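Here is the structure we will look at, set down as structure tokens.
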Amino acid sequence: MMEHSVRPRTTTRAPKNLLAAAVVTAAALLAVLVAPGPAAFADAADHHTAAQTAVITSIERGTVAADLDAGRVSTAALEQLATTGFTANGHRVAPWADLDASSTTAAESTAGHLTRNDVRQVTSAPAASTGAAGGITESKHWWNNHEYFISGQVVRVIITVGAGVYLAAVCISLDLSKVSCAALGALVAGAAEFIKSGGCGRGYWFDFPLVWKSHCG
């Protein structure tokens, strides 16, 4: 059984778009964004391990997909950063995994308003064979490969608010495992400038564990 980054959603999605979700959860999000959390104390460089710093450097260079594939960065360190948050290229990425109770509630509320036009699973391919591509694929070869679509509007909101609750909501909606949710956050953070400039207008296609296939549309 795969471990999930946040508590699974049990309510049925309401047929509302992301803008409606933003209104519904505005107060909760404001509290999350302004309240001090673990990330506020873990962002200094001397608080990062060497493995975590390697992940941040990979994100800043825009090579995180290739580095995850090749095993040059640690998935364990990536999961740790997902719980603390980090800053890359001056862009603050709030924690999006192992959130506290109020943040998790806000994420679940937001997830309940996401529709298939916002996020959805696109494909589920046969499991990759051992050694087929190295890195994540090699160590997680018993998992099926999946491709997910995240609308351009959603990825822009994730970048604008700095991940956190919105990214957690996407992970809930797509039922992602903890490591795949962490990988999604790292890939989106690495493409932040491109996304902000409108480079993901049609949306983002996230592939896991074949992360190097992820791309903007």
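Seen through its C-alpha gyration tensor, with square-root eigenvalues sorted a ≥ b ≥ c, segment 53-118 comes out prolate because a/c lies at 1.5 or above while a/b is bigger than b/c.
Going by the alpha-carbon gyration tensor, a ≥ b ≥ c the square roots of its eigenvalues, is segment 148-217 rounded (a/c under 1.5) or, if a/c is not under 1.5, prolate (a/b greater than b/c) versus oblate? Judged from the Cα gyration tensor, segment 148-217 comes out oblate (a/c at least 1.5, b/c at or above a/b). For segment 141-181, the square roots of the Cα gyration tensor eigenvalues, ordered a ≥ b ≥ c, give a/c of at least 1.5 with a/b greater than b/c, which places it in the prolate category.
Once the chain from HIS91 to PHE194 is taken as fully extended at 0.36 nm per residue, the excess over their C-alpha distance is 35.8 nm.
The phi-based Karplus calculation (6.51 cos²θ - 1.76 cosθ + 1.60; θ = phi - 60°) puts the 3J(HN,Hα) values of segment 79-85 at 4, 5, 5, 5, 8, 10, x Hz, whole numbers, x for Gly and Pro. Highest mean packing first, where packing is the average number of other Cβ atoms within 10 Å per residue, the peptides 167-175, 188-196 line up as 167-175, 188-196.
FYI, it's all coordinate maths here, none of it is from the lab. Predicted model, so just to flag it, every value in this text is computed and none were measured. Cβ coordinates were reconstructed from backbone atoms using ideal geometry, including for glycine residues, and neighbour counts include every protein chain displayed.
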